[in-house]
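The structure appears right after this line, and notes come after that.
What follows is calculated from the coordinates using simple rules that are stated; it is not laboratory data. Just so you know, these numbers come straight off a predicted model, no measurement behind them. For neighbour counting, all protein chains shown are included, and Cβ atoms are generated from backbone atoms with ideal geometry for every residue, glycine included.
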Amino acid sequence: MSGEFDPVEERGLFPDRLFVCNCRGCLTMNNYMRDLCARFIRNGAHFYDVLVRYDELTAYVLGREEATAGNSLKWAVPFLKANGATDHLVNKFGREDMRLMPGAGEAIRYIANLMPSFITTSIYEHGMMEVAQELGMPLCETACSRMELDSVQFGRAEARKLREMADEITSLRVPKVEYELNVPMEVNPADVKIIKTMDSILQDRIPELAAMSLMESVVPVTSHKKAYQLLDIRRQTNIDLDCTFYIGGDNTDFQALDLVRDSGGVAVSFNGTDFAVRGSNVAILSRDATVGAVFAEQFYNRGIEAVLELANNWDRKYLKNEDFPDENLVERLLEVHPRKLPEVFVVDRKNVDEVAAKSAAYRKRLLGQ
């Protein structure tokens, strides 16, 4: 904590390693935004799925210049308010709904005691306050999405129009077609309908309403924002990206993961989506967060080569026989996984398609939609 005596600093030795982490998949389990929409909007889970589909189509398939994955966080806000959501109720929802990954609190506190640690997440500030309290992570700096539902008032007629638009959105079908990153493909007819409908709502109809000012006031942590925050953290700490350990799992982590990997740092997809794996050099599939602390500790003490060596030799025999700086941490990992260890992969061009598919399927089984 600030103000405490730090013998390392007193000797003129400053941190030369950095840790940055997303929430979902490593620290939290539930899809906060999807659950929030389901709480307040009729057929809200599907409503959010359509928004995310449109978000990803415009960012990764159509490649629109202004598009960035994560904009669905601001598009949903007027519809939440029109269906009765308030800042107080969203705060209450965060306290009731948040589910942590097993071992998340212990892992994040362990890592935060090793090196400067930051959490960057798309979760609204309302929910992130609950996550911070549950994890007990006072040593971590946090960046999250910000919005104030009570800052703009709607009339009844406008709220009714927004609810009608929400019904129009939920009537759209989300196809099961998967698109490859940066690979040109013909857009599915159902996706074309999503694009046309959402373009009409967001570009033509909402700008005529007071809801537009509420939408514009939201500051979402999008994929671009995560990458910019990473560069800002680098500037604040004077620790380069080749000395950075980044854990991500969402599509919005792709740019930041890719940036760390290409700079020579450790980019870990933890229960990641297809896109997250494609930005990483290590992929982890685990029901417990302890394994993240094991790899972070290796990185802190021995660097990226030790991380890759551990990933390449990942089995129980190696963990028991290798000389680790913190044997107690490894023992804890083995205790948590008495039968089968988490799956760990070094990601390269040869196996990226296989690992991405495996991780996406595991993520869906573990975390849901």
Original post:
How are the C-alpha pair distances of region 125-197 spread across 10 Å bins, as whole percents from the shortest bin up?
Top reply: 14, 23, 22, 32, 10
Original post:
Which three extents, in whole angstrom, do the alpha-carbon atoms of the chain cover along their principal axes, largest first?
Top reply: 67, 49, 37
Original post:
If you wrap a convex hull around the C-alpha atoms of region 316-366 and split its volume per residue, what is the figure in Å³?
Top reply: 109
**OP:** Calculate the dipole size of region 186-342 relative to its Cα centre from +1 charges on Lys and Arg beta carbons and -1 charges on Asp and Glu beta carbons; express the result in debye to the nearest 20.
**Re:** 300
**OP:** Can you spot the lysines whose alpha carbon is less than 27 Å from LYS364's alpha carbon? Ignore those fewer than 8 places along the same chain.
**Re:** LYS74, LYS92, LYS176, LYS193, LYS225, LYS226, LYS340, LYS350
Original post:
Working from the pairwise distances between different alpha carbons, so that the mean of 1/r is found and then inverted, what is region 88-230's Kirkwood radius in Å?
Top reply: 18.6
Original post:
Considering every Cα-Cα pair within region 164-281, what fraction, in whole percent, is farther apart than 22 Å?
Top reply: 54
Original post:
Classify region 258-319: rounded, prolate or oblate, from the alpha-carbon gyration tensor (a ≥ b ≥ c, eigenvalue square roots; a/c under 1.5 rounded; otherwise prolate if a/b is larger than b/c)?
Top reply: oblate
Subject >> Debye, to nearest 20: dipole size of the chain, +1 on Lys, Arg Cβ, -1 on Asp, Glu Cβ >> reply: 1260
Subject >> Residue (of ALA85, CYS23, THR68) at the positive-pole extreme of region 22-118, dipole from beta-carbon charges >> reply: ALA85
**OP:** Provide the three semi-axes, in whole Å and in decreasing order, of the ellipsoid equivalent to region 303-344 as defined by the square roots of 5 times the Cα gyration tensor eigenvalues.
**Re:** 17, 13, 9
Original post:
What Kirkwood radius, in Å to one decimal, follows from the Cα pairs of region 75-161?
Top reply: 14.7
Original post:
Once a ≥ b ≥ c are taken as the square roots of the eigenvalues of the Cα gyration tensor of region 222-273, is the result rounded (a/c under 1.5), prolate (a/b larger than b/c) or oblate (a/b not larger than b/c)?
Top reply: oblate
**OP:** Identify, among VAL177, PRO338, TRP314, the residue whose Cα sits farthest towards the positive end of the charge dipole of the chain, taking +1 on the Cβ of Lys and Arg and -1 on the Cβ of Asp and Glu, with the dipole about the Cα centre.
**Re:** VAL177
**OP:** Send over the Kirkwood Rh of region 211-250, from the inverse of the averaged 1/r over different Cα pairs, rounded to one decimal Å.
**Re:** 12.1
Original post:
Picking from VAL294, VAL352, VAL177, which is most flexible by a Gaussian network model of the chain using Cα springs under 10 Å?
Top reply: VAL177
Original post:
Which length gain, in nm to one decimal place, applies between ARG339 and ASP97 when the Cα-Cα distance is subtracted from 0.36 nm times their residue separation?
Top reply: 84.1 nm
Subject >> Which of TYR300, PRO116, ALA256, positive extreme of dipole for the chain (C-beta unit charges) >> reply: ALA256
Original post:
For the pair ARG349 and LEU366, how long in nm is the line joining their label points, each one 7 Å along Cα→Cβ?
Top reply: 2.9
Original post:
Let a ≥ b ≥ c be the square roots of the eigenvalues of the Cα gyration tensor of region 246-369; is it rounded (a/c under 1.5), or, if not, prolate (a/b larger than b/c) or oblate?
Top reply: oblate
Original post:
Hey, how many Å between the Cα centroid of region 282-343 and the Cα centroid of region 132-175?
Top reply: 38
